[in-house]
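Scroll down for the structure; my scribbles are underneath it.
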């Protein structure tokens, strides 16, 4: 693992934006593996995009990569109905939240998600539902489907500069 992610409370951390066109699901999985390689406790990744954009696919690939690194192989279900799925993966806890069905932000406090922002890798789908609980310093990853090519996605990542610059070269989408 690398150094801890910037505190979610540090809104003054310099930020950078990285964009790319992901030409296939394999390219999206490659990006997810790159995120798994730099995952640290306290890293929050806010996954945005419309239904079917690939948010769950991305999160599932991050989690499966971390599981493989820790010798764990298990199903990675979508937390659509449970709101949150948690995984203890060696030194890193992972919280995968799908807030699409969230009716009240207070439910997040009951689930302990706010505390997990500081101690776990948090992968959060539908981050607009966080309201005032949205963590400062989080990585914002937006997937936008290409209307002309079913498997293509445009990705925009806005995050702390030190994190963006630490993404390994595996983050570069493979050539067509």
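The values are calculated or read from the model by the stated rules, or taken from the named source; none is laboratory data. Everything numeric in this text was worked out from a predicted model, so none of it was measured. Reconstructed Cβ throughout: ideal geometry from the backbone, glycine too, with neighbour counts over all protein chains shown.
Values computed for the structure shown
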item	result
Wholly enclosed helices (runs of 4 or more DSSP H) of region 1-119 bearing at least 3 residues under 18 Å from residue 134 (Cα atoms)	106-111, 113-119
Test: residue in region 131-141 that is without any contact (Cβ under 8 Å) to a residue 60 or more places away in the chain, assigned to a loop (DSSP other than H, G, I, E, B) and more than 15 Å from the chain's Cα centre (by Cα)	no
Failed criterion for residue 6 (all others in (1) at pLDDT 90 or above; (2) under 17 Å from residue 140 (Cβ atoms); (3) surrounded by 21 or more Cβ atoms within 10 Å (Cβ to Cβ); (4) touching a helix residue (DSSP H, G or I) at 6+ places or on another chain (Cβ under 9 Å) hold)	(1)
Selection within region 65-84 - crowded, with 20+ Cβ neighbours inside 10 Å and modelled with pLDDT of 90 or more	66
Residues located in region 25-39, provided they are touching a residue at least 40 places away in the same chain (Cβ under 8 Å) and in contact with a helix residue (DSSP H, G or I) (Cβ under 9 Å, 6 or more places away or on another chain)	25, 28, 30, 31, 33, 34, 35, 37, 38, 39
Scope region 98-130; condition without any contact (Cβ under 8 Å) to a residue 24 or more places away in the chain and closer than 16 Å to residue 48 by Cα; matching residues	101
Positions within region 120-130 being part of a loop (DSSP other than H, G, I, E, B) and either modelled with pLDDT under 90 or surrounded by fewer than 23 Cβ atoms within 10 Å (Cβ to Cβ) (or both), in sequence order	126
Which listed residue, of 135, 79, is touching a strand residue (DSSP E or B) at 6+ places or on another chain (Cβ under 6 Å) and over 27 Å from residue 25 (Cβ atoms)	135
Region 145-165: number of residues that are loosely packed, with under 13 Cβ neighbours inside 10 Å and either modelled with pLDDT of 95 or more or farther than 16 Å from residue 57 by Cα (or both)	4
